[in-house]
Amino acid sequence: MKLHVDWTACDGRGVCTELLEEMLVEDDWGFPVARDGQRSPAVPPPLEGAAKQAVDRCPMLALKLIAR
Amino acid sequence: MSDALWYFARGSGVISLVLLTVVVALGIGSRSGKPAFGLPRFAVSLLHRNAALLSVVFVAGHVISLLFDPYAQLRLFDVVLPFVGNYRPVWQGFGTLAFDLLVAIVVTSLLRHRLGARTWRVVHWLAYLCWPVALMHGLGTGSDNGTWWLWTISIACAVAVVAAIGWRLSTGFSRFPARAERQVAPRLRKELEEVR
Amino acid sequence: MTSVAEAAVGRVERRLLDGELGLDAHLARHGRLPLLDGSQIIGMARDSGLTGRGGAGFPVWRKLSAVAEAGDGSAVVVANGAEGEPASGKDRALLAYQPNLVLDGLQLVAAATKARAAHLYAPKAALAPLRALLEARRVAGLDRMSVTLQAAPDAFVSGEESAVVSALNGRGAVPADKRIRVIQAGVGGSPTLVQNVETLAHLALIARYGAGWFLSAGTADEPGTFLATISGAVRRPGVVEAGYGVPLGELIAAVGGATMRLQAVLIGGYHGGWVPADPALPVSRQALEPYGASPGAGVLVALPAGACGLGETARIAGYLADQVAGQCGPCINGLPRMAATLADLAARRPRAGLAAEAERLARLVSGRGACHHPDGTARLVLSAMRMFQADVAAHLNGRCLATEGYR
Ligand SMILES: Cc1cc2nc3c(=O)[nH]c(=O)nc-3n(C[C@H](O)[C@H](O)[C@H](O)COP(=O)(O)O)c2cc1C
Ligand code: SF4
Ligand code: SF4
């Protein structure tokens, strides 16, 4: 499972960077950056629950979990 | 029995107002990107949602109890259609209006992953109408209007929301004030032209 | 570095841009398109190894078969001649001199994908003369599918695939999120094939002369010719055609040679990379990869020894930062900051960590936008930092190697 960010929607509200601290950090402007440097970072199994919560809680609906 | 209903209706109404105030303040706070009220951001967001759902429960209790209340003479369509009631129609109408708006906001929020962000956000802006209408309804309709404690609660709620809005509009609101605003470049927005 | 003997099969030759102007000349020279069915066209595209000429170099047959399959009769095909890149002129040249090849190619991909609509999307000035041509082709019974001409706005990102689709959907030439690709749902929600106009012109020739003929140019891995737009310190800036693998020196010679000694060449356009001005360097994906560059859409800019590579890169980065679509946070914040950092470096306003900051920002924005605009801009900046390493060191000490004549 991978985390996809729709950059046309993300407003850098930082909900995801907080819920997925192990995966994401904030950049200079508060937008999420994948720690692994990937465009769509892989979600490790222990974080799947948190990732689902981030998808649900993102205020801009900018996050999606994708199979690829 | 009807006395109990009346007290319940009043109590649940007041609690609803307080909860809605909390919901609005947290909603505004969740836009900041800063941990608001000493809570982490996702907690603000979760609390916003849960307080909203709880307020729906109390509003539902408020409405249902009034449906059975002989004094209020609330009819089923008064719950949906504002300003046609028998008992203080204008003030009761505010309540109906606030209720309709609340239902719209909550239902679209629960379905927002299906509706898409734009529809959801447009409806969500109605919260800024819903909350003051609910406040006026409380001040105008209740048999408690004019009592010092209702005025105190209402004023406290108003202060909370006004303060939250003031914070929202202040420069210190965003964690990243230097951030450029996302806005589609006008040069790309040009109307597409078919060459004939 | 790749030796000349190994590569450099490509040479300057004219295929696309050859021949007289006009429909009659086109038909006299190439004849009508042979009647081919969908699988023949896709097979031909596969056998020829034809790749996209709009920059990404994706195999054409894969996109064709994906859209044919997903479309099931509802697909839409688009010839992309937007050419938002300021240093590129080859698509405009093609539409001006051999538009019939592009229109033939558009008919071929429409047939291959069983499309329900076909569009040609290009700057208005390029489209206006094509109206009469489309009518003449209709009268001659050349086009089975009618083509609409759609004017592209003048902007760098207006030719990006999803921006093309968005423009055709009436929402402005704004790139979109790529979770759902345009080959799945594009114009009007239908599977959509967006193909560069040059790609289509190549296909029109392959349909007539065969995959084997196409393979006779270029290298084994990268067959065929490409149109190159060459500008900068050259005698006759313009468009030439050559097989992939052509030595850089031959391309420069084809535009009259350099006007001054060259220090570097920008290959792949504003989203490309700087390479040394080595005349033997083959222009192919494989040979340019070590420099983080690729032929891209065939854009070359020759930088003379007396010019400052950092200054030129800062100018381009500033232009690219100005051209962001404005949607994506990392792009709209990161590109202007990156451009400003580079401008400081170019103008010799050194501060601690300036060079490292430019590289950090380039890595930070890469891959973090709806389109590849941040990635391309970062590629340019990183390649400049590598190529002009000595200049960076000099600038940090308040000197400039190029303009002070140290070269
Ligand atoms: C910022 C940006 C601008 C682009 N501009 C163009 C363009 O002007 N013309 C073009 O053909 N492709 C352009 N592309 C590439 C297209 O997205 C797409 O890959 C191409 O049109 C596909 O055709 P091809 O496979 O025949 O190359 C651009 C890409 C990006 C990221
Ligand atoms: S929660 Fe959503 S809007 Fe906020 S930073 Fe993450 S993706 Fe962006
Ligand atoms: S990445 Fe930049 S240019 Fe591309 S869509 Fe986003 S803001 Fe626009």
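The values are calculated or read from the model by the stated rules, or taken from the named source; none is laboratory data. These figures come from a predicted structure and were not determined experimentally. Every residue, glycine as well, gets a Cβ built from its backbone with ideal geometry; the counts of neighbours run over all protein chains shown. What goes into the accessible areas is simple: the full protein's heavy atoms, side chains included, and nothing from ligands, DNA or RNA. Shrake-Rupley method; radii C 1.70, N 1.55, O 1.52, S 1.80 Å.
The residue list C:Arg351, C:Arg315 contains one member that is among the charged types (D, E, K, R), farther than 28 Å from C:Gly54 by Cα and either open to solvent by 20 Å² or more (accessible area, probe 1.4 Å) or assigned by TED's automatic domain parsing to the domain that holds C:Ala277 (or both), which is C:Arg351.
This table checks each residue for (1) within 14 Å of chain B (Cβ to nearest Cβ); (2) in contact (Cβ under 8 Å) with a residue 24 or more places away in the chain.
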| position | (1), (2) |
| --- | --- |
| C:Ala75 | no, yes |
| C:Ala87 | no, yes |
| C:Leu94 | no, yes |
| C:Val109 | no, yes |
| C:Ala112 | no, yes |
| C:Pro123 | yes, yes |
| C:Pro153 | yes, no |
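Each residue in the range C:229-258 was checked for being in a helix (DSSP H, G or I), closer than 18 Å to C:Ala93 by Cα and either open to solvent by 10 Å² or more (accessible area, probe 1.4 Å) or without any contact (Cβ under 8 Å) to a residue 24 or more places away in the chain (or both), and 1 of them qualify.
A single entry from C:Val182, C:Val174 fulfils the requirement of being within 26 Å of C:Pro86 (Cα to Cα), more than 14 Å from chain B (Cβ to nearest Cβ) and in a loop (DSSP other than H, G, I, E, B): C:Val182. Run down B:Gly85, B:Gly38 and say which single residue is small (Gly, Ala, Ser), within 30 Å of B:Ser174 (Cβ to Cβ) and without any contact (Cβ under 8 Å) to a residue 60 or more places away in the chain. Testing whether each residue is small (Gly, Ala, Ser), within 30 Å of B:Ser174 (Cβ to Cβ) and without any contact (Cβ under 8 Å) to a residue 60 or more places away in the chain leaves just B:Gly38. Looking at the range B:157-196, which of the residues that are within 7 Å of another protein chain (Cβ to nearest Cβ) and among the acidic types (Asp, Glu) is least open to solvent (accessible area, probe 1.4 Å)? Within the range B:157-196, the match that is least open to solvent (accessible area, probe 1.4 Å) is B:Glu194.
Scanning the range B:98-113 turns up at least one residue that is within 30 Å of B:Arg175 (Cα to Cα) and of a type in the set (Ser, Thr, Tyr). Per the listing B:Leu26, B:Leu17, B:Leu46, B:Leu54, the residue uniquely assigned to a helix (DSSP H, G or I), touching a residue at least 60 places away in the same chain (Cβ under 8 Å) and either farther than 23 Å from B:Met136 by Cα or among the hydrophobic types (A, V, I, L, M, F, W, C) (or both) is B:Leu17. Looking at the range B:115-122, is at least one residue modelled with pLDDT under 90, within 19 Å of B:Ser55 (Cβ to Cβ) and part of a loop (DSSP other than H, G, I, E, B)? No, the range B:115-122 has no match at all.
Conditions (1) outside any loop (DSSP other than H, G, I, E, B); (2) within 16 Å of ligand 3 (Cβ to nearest atom); (3) within 18 Å of C:Val197 (Cβ to Cβ); (4) open to solvent by less than 20 Å² (accessible area, probe 1.4 Å), marked per residue:
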| site | (1), (2), (3), (4) |
| --- | --- |
| C:Leu36 | no, no, no, no |
| C:Ile41 | yes, no, yes, yes |
| C:Met44 | yes, no, no, no |
| C:Asp47 | yes, no, no, no |
| C:Gly54 | no, yes, yes, no |
| C:Arg62 | yes, no, no, no |
| C:Ala66 | yes, no, no, no |
| C:Val77 | yes, no, yes, yes |
| C:Glu83 | no, no, yes, no |
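Summed over the range A:38-64, the residues that are of a type in the set (Lys, Arg) and within 16 Å of ligand 3 (Cβ to nearest atom) give a count of 1. Of all residues in the range C:302-337, those that are within 16 Å of ligand 2 (Cβ to nearest atom) and without any contact (Cβ under 8 Å) to a residue 60 or more places away in the chain total 7.
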